[in-house]
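Report on the following structure.
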Amino acid sequence: MKKSTIVVLFLLIAGIACCIAAACMGIGDISTEDGSIMPRFIQYQEEAVDKAIDNHMQIERLVLDIDAAQCTVQTGSDTCSLTGGSDVTWELEGDTLTISQKQKSGWWWKSKPAPITLNIQDVAIAYLDIDVDAGAVAITDLTVTQTVKCNVDAGAAELKNVDTNRLELDVDAGGITYSGRTLGPVKLECDAGGIELDLQNGSTIGQVTGTIDAGEINVLVNGKQMLKRDGFAETVSAQLPGAIGVNVLTFDCDAGSISVELTAKEENAESADA
């Protein structure tokens, strides 16, 4: 075989190898059980399709278990509907509707989740349970008569104009944004992420108490700063002048950030840190 032919074959093989390596780098790698790295060769975008949900179901509890997708809950529809990728399932057990999404992947392929859209009727529900891993949940204009629970790992949750009695938020490295009226106690747990609360007029929180490790908490009532702490291993307890209720907001903040803004009817609040 001529030297020129050998050179051409060598360059061709080297070029193919470089293309394969570049493709693998663009898709992303996975770690195996023994600690070695193995590339995924295929990554594809899931398409959202109709999930043939019961159009006239009566819902008292809504459960959202989201792995890596973007999930939007819209209210005001005449009937219920759900769209999502092949990794989305739903189950109606009694009056509890559970929407689950678990990202599909193998050692050589990985799917990019399709967005999830749930349309429900404009009626109050009793319970809302949200669990987000690396995805995101967005809900607007919903009344929950009993309890809202939201747990976020590395993803995000945005609850806008969601009124409830009891509110419990827990975030690891992600973020939770909440606005609405709370008529009962509020419980916040923040590791290294962030929680932002806009407690609207009529909320009955009148006291804040909890612990801070290396994080920070900032509380405002009617736009005036009532409490600000950013210390180490500190226990905080304060009444909120100007607030209209007697319920307690408890918090546990490790290295994250908690921001609370409370709108009350009275406008005569004076800073608790004065």
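The values are calculated or read from the model by the stated rules, or taken from the named source; none is laboratory data. These numbers were taken from a predicted model, which means no experiment stands behind them. Every residue, glycine as well, gets a Cβ built from its backbone with ideal geometry; the counts of neighbours run over all protein chains shown. Side chains are part of the model used for accessible areas, which takes the heavy atoms of the whole protein and leaves out ligands, DNA and RNA. Shrake-Rupley method; radii C 1.70, N 1.55, O 1.52, S 1.80 Å.
When a/c reaches 1.5 or more, the comparison of a/b and b/c decides; with that in mind, is the range 108-173 rounded, prolate or oblate per its Cα gyration tensor? Each step should come with its number before you reach the end.
Numbers: a/c = 2.87, a/b = 1.57, b/c = 1.83.
Taking the square roots of the gyration eigenvalues as a ≥ b ≥ c, the range 108-173 is oblate.
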#### Entry: Pair T147, D50: separation of 7 Å Cα→Cβ label points (nm)
3.7
## Note on the structure
For K112, the aspartates and glutamates lying under 18 Å Cα to Cα, once residues fewer than eight places off in the same chain are dropped, come out as D29, E46, E47, D50, D65, D67, D87, D133
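State in Å² the accessible area per residue of the range 115-274; use a 1.4 Å probe, count heavy atoms of protein chains only, and round to the nearest integer.
On the way: 6740 Å² over 160 residues.
Each residue of the range 115-274 exposes 42 Å² on average to a 1.4 Å probe.
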### Task
Note down the relative contact order for the range 126-247 as a percent, whole number, built from C-alpha pairs under 8 angstrom at least six residues apart.
17
### Summary
Expected sort for 91-103, 211-223 on mean C-beta neighbours within 10 Å, highest first, is 211-223, 91-103
### Query
From the backbone phi of the range 193-210, what are the Karplus-calculated ³J(HN,Hα) couplings (6.51 cos²θ - 1.76 cosθ + 1.60, θ = phi - 60°) in whole Hz, Gly and Pro given as x?
x, x, 10, 10, 10, 10, 8, 7, 3, x, 5, 10, 6, x, 8, 10, 8, x
## Note on the structure
Of every hundred units of 1.4 Å-probe accessible area on the range 76-204, the number belonging to carbon and sulfur atoms, as a percent, is 44
### Task
Any of K51/K160; K104/K160; K51/K187 with alpha carbons more than 28 Å apart? Name them for me.
K104/K160; K51/K187
